[in-house]
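FYI, it's all coordinate maths here, none of it is from the lab. Just so it is clear, the structure is predicted and the values come from calculations on it, not from any experiment. Neighbour counts are summed over all protein chains in view; Cβ atoms, including those assigned to glycine, are modelled from backbone coordinates with ideal geometry.
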Amino acid sequence: MKTRARMTVLGGDRREPEIARLAAADGFDVRVYGVPAGPTPPGVVHAASAADALRDAQVIVLPVPHMTDDLVFAPHAAAPIKLDDDLLGLVASGAVLITGAANQMLRELAARHGIAVFEYGEDDGLKSMRGPLIAEATLEALDEAGRRPAPGSTAAVVGLGAIGAPLVRLFAGRGVQVLAVTRSPSIVPSDLADAATDVIAFTDLRNSVSGVSHFIATTGGRAVGSDVLAALRLDAVVADVASPPGSFDCAGDPALSARVFWLRALGGRHPARLAAAQWQVIRARMVECGALR
């Protein structure tokens, strides 16, 4: 990198301070806001506000999970970080924004300010490393909450992608009977089908879950309807591992919403390993857009 470009890292969990450290080591002038407290490495400055962090920023890095509507995921921030025209009007001309996935609101906001948006959440290499770690973190979170599935119980895992597939294997390794749910049962790898007790189509979900003790959804886009939630046992553990807006469409029913144990920011349980993987992908995106040479 020929010059020290200014980067802003907003919000997130324990991965973000590590990403900031790696960026600074790579030569960026880094400002952070809303990240967890901790030692400040050389080249990183903790800004007093989101505005201070974004002023003159040439690169903006948002966390994964990223946003709910116009709010950045930032549980450690002193105040909510709401991205709006005032904030993005402070960044440098020609700035780039790098995020796992951008919603339509963010794309339109960035476009108004001439900010190029680069997404990296679907990078295959990152997903292959991230998925098993998130699956492990899911079980850790259930254990810590006293919701561990007992051997012999039945857990439904909805979605057999980067997170769902290793989650099936981990449950099976604990002696849990696994109902694996996918849109295409005919193309499930044989080893995954062997680990599961049964593999069913998404369309059969509502009629197949009345006996499960745990219902873990990993697929996004609110793909699981309120009818499925209503078909579950009242004592079933219901967990959502998907990024916003999550897996469940509760049809505005607060009683159904209250049943869902939303496991967000699980990557913060393995910050060093995941941050290193994310930084490599973020770095590649910056090379693509010319922010890093």
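Quick one: work out the % antiparallel among DSSP beta bridges in the chain, nearest 5.
Antiparallel bridges: around 5 percent, rounded to the nearest 5.
Over the chain, what lengths in whole Å, largest first, do the semi-axes of the equivalent ellipsoid take, defined as the square roots of 5 times the eigenvalues of the alpha-carbon gyration tensor?
Semi-axes, largest first: 37, 19, 17 Å.
What does the net charge come to around residue 88 if you take all other residues with beta carbon closer than 13 Å to its beta carbon, with K and R at +1 and D and E at -1?
Overall, the nearby charge balance is -2.
If R0 is 41 Å, what FRET efficiency do you get for residue 93 and residue 147 from their C-beta distance, rounded to 0.05?
Working: r = 50 Å, r/R0 = 1.21.
Given R0 = 41 Å and the Cβ-Cβ separation, E is 0.25.
List the relative contact order of the chain as a percent without decimals, with contacts defined as Cα pairs under 8 Å and 6+ residues apart.
Once divided by the residue count of the chain, the mean separation gives 17 percent.
Quick check on the chain: helices-only [θ] at 222 nm, where DSSP H runs of length 4 and up contribute -39,500 (n - 2.57) each and the sum goes over total residues. Nearest 500, please.
So the calculated ellipticity at 222 nm is -9500 deg cm²/dmol.
Using alpha-carbon pairs under 8 Å, 6+ residues apart, how would you state the relative contact order of the stretch 148-220 in percent?
Dividing the mean separation by the residue count of the stretch 148-220 yields 42 percent.
So how much slack lies between residue 273 and residue 46, counting 0.36 nm per residue of separation and subtracting their Cα-Cα distance, in nm?
79.4 nm
Could you tell me how many degrees, from 0 to 90 and to the nearest 10, lie between the Cα long axis of helix 15-25 and the main elongation axis, the longest principal axis, of the Cα atoms of the chain?
It works out to around 30 degrees.
Order of 250, 289 from fewest to most other C-beta atoms within 10 Å?
289, 250
Please determine, in degrees from 0 to 90 and to the nearest 10, the orientation of helix 271-289 with respect to the longest principal axis defined by the Cα atoms of the chain, where the helix direction is its Cα long axis.
Helix 271-289 sits at roughly 60 degrees to that axis.
Would you mind getting me the FRET efficiency between residue 235 and residue 287? Use the beta-carbon distance for r and R0 = 30 Å, nearest 0.05.
It comes to 0.05.
Just to be sure I understand the model, the point goes 7 Å from the Cα along the line to the Cβ. What's the resulting residue 194 to residue 206 distance in nm?
Here the answer is 3.6 nm between the modelled labels.
If one takes the longest principal axis of the Cα atoms in the chain, at what angle in degrees, from 0 to 90 and to the nearest 10, does the Cα axis of helix 164-173 lie?
Compared with the principal axis, the helix lies near 50 degrees.
At a Förster radius of 35 Å, what calculated FRET efficiency corresponds to the Cβ-Cβ distance of residue 78 and residue 124, to the nearest 0.05?
Values: r = 37 Å, r/R0 = 1.05.
Approximately 0.45, to the nearest 0.05.
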